[in-house]
1. Which percent of the accessible area of segment 14-121 is formed by carbon and sulfur heavy atoms (probe 1.4 angstrom)?
2. Quick one: longest stretch of the chain between exposed loop chymotrypsin sites (Phe, Trp or Tyr not before Pro), exposed meaning at most 16 other C-beta atoms within 10 Å and loop per DSSP?
3. State, as an integer percentage, the relative contact order of the chain based on alpha-carbon contacts under 8 Å between residues 6 or more apart.
4. Stokes-Einstein D for segment 14-88 at 37 °C, 0.692 mPa s, Kirkwood Rh over Cα pairs, in µm²/s?
5. With a cap of 15 neighbouring Cβ atoms within 10 Å, and only residues DSSP puts in a loop, list the trypsin sites (Lys or Arg not before Pro) found in segment 99-150.
6. With unit charges on the beta carbons (Lys and Arg positive, Asp and Glu negative) and the dipole taken about the Cα centre of the chain, which residue among 124, 151, 14 sits farthest to the positive side?
7. In Å, what Rg and Dmax follow from the Cα atoms of segment 1-154?
8. To make sure I understand the rule: partners must be aspartates and glutamates, Cα under 18 Å from the Cα of residue 18, and not fewer than 8 residues away in the same chain. Which ones qualify?
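The values are calculated or read from the model by the stated rules, or taken from the named source; none is laboratory data. Model, not experiment: these values are computed from the prediction. Here the Cβ positions follow ideal geometry from the backbone for every residue, glycine too, while neighbour counts run over all protein chains shown. SASA here: full protein model, heavy atoms, side chains in, ligands and nucleic acids out. Shrake-Rupley method; radii C 1.70, N 1.55, O 1.52, S 1.80 Å.
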Amino acid sequence: AYELGLSEVMNYSFVGEKMLNNCCMPSEKELKLQHPASTFLDRLRRNLVPGMLDQIGGNLRFFNTFGLFEIGRVYLKDDPTSKDIANEQTYLVASLVNKGDDDFFVLKGMIERYLQRVHLNGATFEPLTERSLGWVHPGQAVSIKAHNQVIGHITSLHPEVAKNHNVSRHKVVIAELS
């Protein structure tokens, strides 16, 4: 991702209910910690988008145009109440932010080059029909599929989520790969 001109960010593996609400994401699927270090960060993250959106908001104080990425761990569990151990996976999230043009196809091209670089040839991009991702802008999103499995998404930021993060005057495009 460095080769693509993006700057790396690092976030905690924790999220809080407010972060999830700002992303229009349900908080009940997140794994709640029994003894969190902070009441504002009391859950393990299921994806990297909430932290990335916080980073975007912070960077907009200094820059109007930039690209960021993070490679981080997420914690997945179908039933948060079960005693089973969470499935820990590594995800990649990338974002492009600017004041004018929509960088959707620029980010799509970057993701295509990244997939070639990691020898994941033959990935396809299909219109996203899933509605469970709260930050997804309807009609401006694609699923990334490889070997008949969804491995990620590219989307423009939903207007409500952009407003919640004070980035509504900018164009924000986000990609997340599992």
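1. After summing per-atom areas, the C and S share lands at 51 percent.
2. It works out to 64-178.
3. Values: 332 pairs, mean separation 40.3, N = 178.
Relative contact order, the chain: 23 percent.
4. 243 µm²/s
5. Within segment 99-150, the qualifying trypsin sites (Lys or Arg not before Pro) (loop, at most 15 other Cβ atoms within 10 Å) are 99, 131.
6. 14
7. 16.1, 48
8. List returned: 28, 30, 42, 54, 160.
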